[in-house]
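A.B. asks: Handing you a structure now.
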Amino acid sequence: MTVVSEAPSEATPLLTASRPSPKKTTAVWECQVTSPRGITIVVALISVVLGSAGALVVVPRTRILEDVLCHRFYGNLDVRNGAIDERLCKHDEIQSELAYLTGLITSIEAVVGFAFAFPYGILADRIGRRPVFLLSMVGVILAMSADFTVLRFWRIIPIHLIIYTSLFEVIGGGNPVTTSVLYSIVVDVHLPGDRASAFSIIALASFAANLVGPVVASRLVESVSAWVPLCATLILLLVGTALIYVIPETLPTKPEAEDLPQKKSRISSLTSHFQHTLARLFESCTMLRSTSLTIILFSFLQYKPSVLGKTQFFLQYFSKRFDWPLAKTGYLLSIRGVVSAFTLLVALPGLSKLLLSPKFPFRFSTAKKDLLLAQCSAAIATLGAILLGGPTISVVLFGIVVAALGDGLTPLSRALIPAFVDPQHTSRVYTLVCMVEAMGTVFAGPSLAYFFTKGMQWKGLWLGLPYVWLACLSGLVVVAFGFVELKSAVHQTSPEGEIGRPGSRGEGETV
């Protein structure tokens with residue numbers, strides 16, 4: 001039940017529609033900020049706090065869960081009780097059970113998010129951002145507390161109940177709702193032209209949390225105790241929840257004339273709104289008649305397995321394969337964070353500018369540029385996954401860098417979508433993107449656990465089997481993107497910024 005703020009994406013209008021002007025907010029008490037920039041800074045601060053909480057929890061929780069399984073394994077065999085050397089916990093049976101437990105935890109979280117993010121998103125559009133955010137955080141804190149309780153009292157509470165602690169996130173919808181509400185607040189207070197810069201601020205905040213969190217967690221586990229970062233996680237969650245009170249409610253209020261005719265109760269109004277939105281969602285599936293759009297959409301299935309393979313699962317895999325302590329392995333996550341930040345904030349913008357430059361020998365439309373970079377990113381991600389499954393530490397470390405260089409695949413795929421749909425349908429397609437990503441999350445953990453178990457059974461080079469699986473997923477994206485036809489795009493933006501439609505392009509415009 002990680003609480004990690006995701007980088008801003010086109011999917012954020014899931015809860016709100018674009019508006020021609022920002023909402024004017026009024027402070028309820030003098031400590032609240034009301035300017036769009038001030039609200040954005042507070043949202044970024046919340047993202048840092050919650051992102052840090054999520055980054056702090058991964059290493060210590062994995063170590064404690066491994067230790068619990070280790071005690072159960074050796075205790076049942078009457079080997080000994082008390083402290084057990086971590087190296088003895090790398091037994092295949094223990095690691096297989098650990099992989100399946102963490103994988104199933106991720107799957108349950110995904111199912112909860114998939115089932116409840118949509119209705120809670122509708123609720124946020126009806127009763128306000130803050131109430132839904134607070135409700136979501138209540139569920140997250142309860143789930144995290146239940147998780148830690150099972151870990152602490154594992155001799156009394158069956159450890160396998162940890163799989164179901166995420167069900168507390170039914171209250172509020174969990175992290176997907178929290179993230180969506182925060183981005184909706186930014187959308188509420190900014191004009192469309194200002195939102196990109198606001199999202200960039202939040203992205204930097206998220207990157208900062210993901211860079212610092214693993215290092216701090218690993219250091220605390222090494223020097224003090226694995227329980228210290230877990231306690232710090234709960235404190236950070238409470239602080240992040242309290243910070244929402246610094247922001248006034250940003251949901252635009254309806255004119256009084258619209259509120260006078262109250263023939264329906266609030267419950268019936270919510271039901272009607274839900275049915276209408278659900279009908280629009282099913283209607284959006286008709287847009288999948290475009291083969292190219294369908295290919296792009298299903299490319300998001302690989303996103304969550306890829307992320308899991310480079311973060312939480314990587315901790316266990318590397319620690320098992322090379323007999324490293326989990327705390328020491330946690331430092332490697334920051335390497336990936338640095339390279340990923342460079343890729344998304346420096347490399348991709350620079351390459352995009354180069355490919356669209358009039359001085360570049362080949363003329364690219366925006367859509368063609370995005371497709372080329374997406375294919376290259378998928379190819380790099382494929383190579384990175386193969387290297388992550390390598391037999392030596394140096395190969396795997398190089399794989400961390402290469403795999404992070406492929407982190408641009410998902411944002412580039414998102415950027416391709418507007419070329420294949422009319423503007424009024426864009427938010428619906430991005431809702432489908434969120435649903436496809438959730439589907440990928442459901443099978444991500446169990447599939448990695450399955451291939452990891454098989455690899456341990458077959459020994460040797462087969463230990464890298466989970467990353468062969470991830471390489472196959474990314475490789476399929478490379479091949480599939482070769483069948484994306486830009487000629488079927490609804491519109492494309494040329495380097496000069498004109499919009500070209502099929503049948504009406506100028507002679508000098510490229511496809």
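A.B. asks: Determine which member of the set Glu97, Glu109 is acidic (Asp, Glu), out of contact with any Ser or Thr (no Cβ under 8 Å at 6 or more places or on another chain) and in contact (Cβ under 8 Å) with a residue 24 or more places away in the chain. Steps first, answer last, please.
C.D. replies: On the way: Glu109 fails: out of contact with any Ser or Thr (no Cβ under 8 Å at 6 or more places or on another chain).
Result: Glu97 is the single residue among Glu97, Glu109 that is acidic (Asp, Glu), out of contact with any Ser or Thr (no Cβ under 8 Å at 6 or more places or on another chain) and in contact (Cβ under 8 Å) with a residue 24 or more places away in the chain.
A.B. asks: Could you identify the single residue in Ser180, Ser184 that is within 18 Å of the chain's Cα centre (by Cα), modelled with pLDDT under 95 and under 26 Å from Arg336 (Cβ atoms)?
C.D. replies: Exactly one of Ser180, Ser184 is within 18 Å of the chain's Cα centre (by Cα), modelled with pLDDT under 95 and under 26 Å from Arg336 (Cβ atoms), namely Ser180.
A.B. asks: Tell me yes or no: at least one residue of the stretch 212-229 is modelled with pLDDT of 80 or more, among the hydrophobic types (A, V, I, L, M, F, W, C), in contact with a helix residue (DSSP H, G or I) (Cβ under 6 Å, 6 or more places away or on another chain) and under 23 Å from Ala124 (Cβ atoms). Break it down into steps so the answer makes sense when it comes.
C.D. replies: Residues of the stretch 212-229 that are modelled with pLDDT of 80 or more, as a first pass: 212-229.
Filter once more, so that each one left must be among the hydrophobic types (A, V, I, L, M, F, W, C): 212, 215-217, 220-221, 224, 226-228.
This time we only want the ones that are in contact with a helix residue (DSSP H, G or I) (Cβ under 6 Å, 6 or more places away or on another chain), so: 215, 217, 220-221, 226, 228.
When the remaining residues are screened for being under 23 Å from Ala124 (Cβ atoms), the result is none.
There is no residue in the stretch 212-229 that is modelled with pLDDT of 80 or more, among the hydrophobic types (A, V, I, L, M, F, W, C), in contact with a helix residue (DSSP H, G or I) (Cβ under 6 Å, 6 or more places away or on another chain) and under 23 Å from Ala124 (Cβ atoms).
A.B. asks: When you go through Gly330, Gly309 one by one, which is the residue that is within 20 Å of the chain's Cα centre (by Cα) and more than 30 Å from Leu432 (Cα to Cα)?
C.D. replies: The conditions single out Gly330.
A.B. asks: Is it the case that Tyr245 is buried (at least 21 other Cβ atoms within 10 Å of the Cβ), aromatic (Phe, Trp, Tyr) and modelled with pLDDT of 80 or more?
C.D. replies: Working: buried (at least 21 other Cβ atoms within 10 Å of the Cβ): no; aromatic (Phe, Trp, Tyr): yes; modelled with pLDDT of 80 or more: yes.
For Tyr245, the condition - buried (at least 21 other Cβ atoms within 10 Å of the Cβ), aromatic (Phe, Trp, Tyr) and modelled with pLDDT of 80 or more - is not met.
A.B. asks: Can you find a residue that is within 22 Å of Pro214 (Cα to Cα) and either of a type in the set (D, E, K, R) or touching a residue at least 60 places away in the same chain (Cβ under 8 Å) (or both) anywhere in the stretch 115-135?
C.D. replies: Initially, the stretch 115-135 is screened for residues within 22 Å of Pro214 (Cα to Cα), giving none.
Within the stretch 115-135 (the criterion being within 22 Å of Pro214 (Cα to Cα) and either of a type in the set (D, E, K, R) or touching a residue at least 60 places away in the same chain (Cβ under 8 Å) (or both)), the answer is no, since none of the residues qualifies.
A.B. asks: Restricting attention to the stretch 103-114, does a residue exist that is touching an Asp or Glu at 6+ places or on another chain (Cβ under 8 Å), more than 28 Å from Val239 (Cβ to Cβ) and in a helix (DSSP H, G or I)?
C.D. replies: Looking for residues that are touching an Asp or Glu at 6+ places or on another chain (Cβ under 8 Å), more than 28 Å from Val239 (Cβ to Cβ) and in a helix (DSSP H, G or I), one finds none in the stretch 103-114, hence no.
A.B. asks: May I ask you to list pairs of residues, at least six apart or on different chains, whose Cβ atoms are under 8 Å apart, with the first in the stretch 443-463 being without any contact (Cβ under 8 Å) to a residue 24 or more places away in the chain and the second being of a type in the set (Gly, Ala, Ser)?
C.D. replies: The qualifying pairs are Gly455/Gly464; Trp462/Gly455.
A.B. asks: Among the residues of the stretch 417-438, is there at least one that is more than 18 Å from Val484 (Cβ to Cβ), in contact (Cβ under 8 Å) with a residue 40 or more places away in the chain and aliphatic (A, V, I, L, M)?
C.D. replies: Looking for residues that are more than 18 Å from Val484 (Cβ to Cβ), in contact (Cβ under 8 Å) with a residue 40 or more places away in the chain and aliphatic (A, V, I, L, M), one finds at least one in the stretch 417-438, hence yes.
A.B. asks: Report the residue count in the stretch 244-253 for those that are assigned to a helix (DSSP H, G or I) and either more than 22 Å from the chain's Cα centre (by Cα) or within 23 Å of Val59 (Cβ to Cβ) (or both). Before the answer, list the steps.
C.D. replies: Let us first name the residues in the stretch 244-253 that are assigned to a helix (DSSP H, G or I), namely 244-246.
If we keep only those that are either more than 22 Å from the chain's Cα centre (by Cα) or within 23 Å of Val59 (Cβ to Cβ) (or both) too, we end up with 245-246.
Residues flagged as assigned to a helix (DSSP H, G or I) and either more than 22 Å from the chain's Cα centre (by Cα) or within 23 Å of Val59 (Cβ to Cβ) (or both) within the stretch 244-253 amount to 2.
A.B. asks: Further question on the same structure: Anything in the stretch 377-402 that is under 24 Å from Ser200 (Cα atoms) and crowded, with 18+ Cβ neighbours inside 10 Å? List them, or say none. Show your work before the answer.
C.D. replies: Looking only at the stretch 377-402, we keep the residues that are under 24 Å from Ser200 (Cα atoms), and these are 377-378, 381, 401-402.
Hits for the stretch 377-402 are Ser377, Ala378, Ala381, Val402.
A.B. asks: Look through Leu345, Leu373, Leu356, Leu351 and report the one residue that is surrounded by fewer than 21 Cβ atoms within 10 Å (Cβ to Cβ), outside the structural domain of Ser52 (by TED's automatic domain parsing) and either among the basic types (Lys, Arg) or free of Cβ contacts under 8 Å to residues at least 40 places away in the same chain (or both). Outline the logic, then answer.
C.D. replies: Numbers: Leu345 fails: either among the basic types (Lys, Arg) or free of Cβ contacts under 8 Å to residues at least 40 places away in the same chain (or both); Leu373 fails: surrounded by fewer than 21 Cβ atoms within 10 Å (Cβ to Cβ); Leu356 fails: either among the basic types (Lys, Arg) or free of Cβ contacts under 8 Å to residues at least 40 places away in the same chain (or both).
Matching residue, one of Leu345, Leu373, Leu356, Leu351: Leu351.
A.B. asks: When only residues in the stretch 356-407 that are outside any loop (DSSP other than H, G, I, E, B), polar (S, T, N, Q) and touching a Leu at 6+ places or on another chain (Cβ under 8 Å) count, which is nearest to Lys459 (Cα to Cα)?
C.D. replies: At the first step, the residues of the stretch 356-407 found to be outside any loop (DSSP other than H, G, I, E, B) are 356, 366-388, 393-405.
Now restrict to residues that are polar (S, T, N, Q): 366, 375, 377, 382, 394.
Now narrow it down to the ones that are touching a Leu at 6+ places or on another chain (Cβ under 8 Å): 366, 377.
On the way: Thr366: 47, Ser377: 31 Å.
Once the filter is applied, the top-ranked residue is Ser377.
A.B. asks: Also: Inspect the stretch 313-329 for any residue being surrounded by fewer than 21 Cβ atoms within 10 Å (Cβ to Cβ), touching a residue at least 12 places away in the same chain (Cβ under 8 Å) and in a loop (DSSP other than H, G, I, E, B) and give the result as yes or no.
C.D. replies: Yes: the stretch 313-329 contains one or more residues that are surrounded by fewer than 21 Cβ atoms within 10 Å (Cβ to Cβ), touching a residue at least 12 places away in the same chain (Cβ under 8 Å) and in a loop (DSSP other than H, G, I, E, B).
A.B. asks: With the requirement that a residue be small (Gly, Ala, Ser) and either modelled with pLDDT of 90 or more or under 23 Å from Gly240 (Cβ atoms) (or both), what does the stretch 46-105 give you?
C.D. replies: So the first thing to find is which residues in the stretch 46-105 are small (Gly, Ala, Ser), and the list is 47, 51-55, 75, 82-83, 96, 99, 103.
Across the stretch 46-105, the qualifying residues are Ser47, Gly51, Ser52, Ala53, Gly54, Ala55, Ser96, Ala99, Gly103.
A.B. asks: Quick one: which of Tyr74, Tyr120 is more than 16 Å from Gly174 (Cα to Cα), aromatic (Phe, Trp, Tyr) and in a helix (DSSP H, G or I)? Let's see the steps before the verdict.
C.D. replies: On the way: Tyr120 fails: more than 16 Å from Gly174 (Cα to Cα).
Only one candidate passes the filter, namely Tyr74.
A.B. asks: Right, Tyr450: out of contact with any strand residue (DSSP E or B) (no Cβ under 6 Å at 6 or more places or on another chain), within 30 Å of Arg321 (Cβ to Cβ) and either modelled with pLDDT under 75 or not basic (Lys, Arg) (or both) or not? Write out each step before concluding.
C.D. replies: Details: out of contact with any strand residue (DSSP E or B) (no Cβ under 6 Å at 6 or more places or on another chain): yes; within 30 Å of Arg321 (Cβ to Cβ): yes; either modelled with pLDDT under 75 or not basic (Lys, Arg) (or both): yes.
Taking the combined requirement at face value, the residue satisfies it.
A.B. asks: Next up: Is there a residue in the stretch 330-337 that is at pLDDT 85 or above, more than 28 Å from Ala205 (Cβ to Cβ), surrounded by 17 or more Cβ atoms within 10 Å (Cβ to Cβ) and in contact with a Lys or Arg (Cβ under 8 Å, 6 or more places away or on another chain)? Full working, then the answer.
C.D. replies: Our first condition is that a residue be at pLDDT 85 or above; within the stretch 330-337, this holds for 330-337.
Right, trim to more than 28 Å from Ala205 (Cβ to Cβ) and you get none.
For the stretch 330-337, residues at pLDDT 85 or above, more than 28 Å from Ala205 (Cβ to Cβ), surrounded by 17 or more Cβ atoms within 10 Å (Cβ to Cβ) and in contact with a Lys or Arg (Cβ under 8 Å, 6 or more places away or on another chain): absent.
The values are calculated or read from the model by the stated rules, or taken from the named source; none is laboratory data. Not measured: the values here are computed from a predicted model. Positions of Cβ are generated from backbone atoms using ideal geometry, with glycine treated the same way; all protein chains shown enter the neighbour counts.
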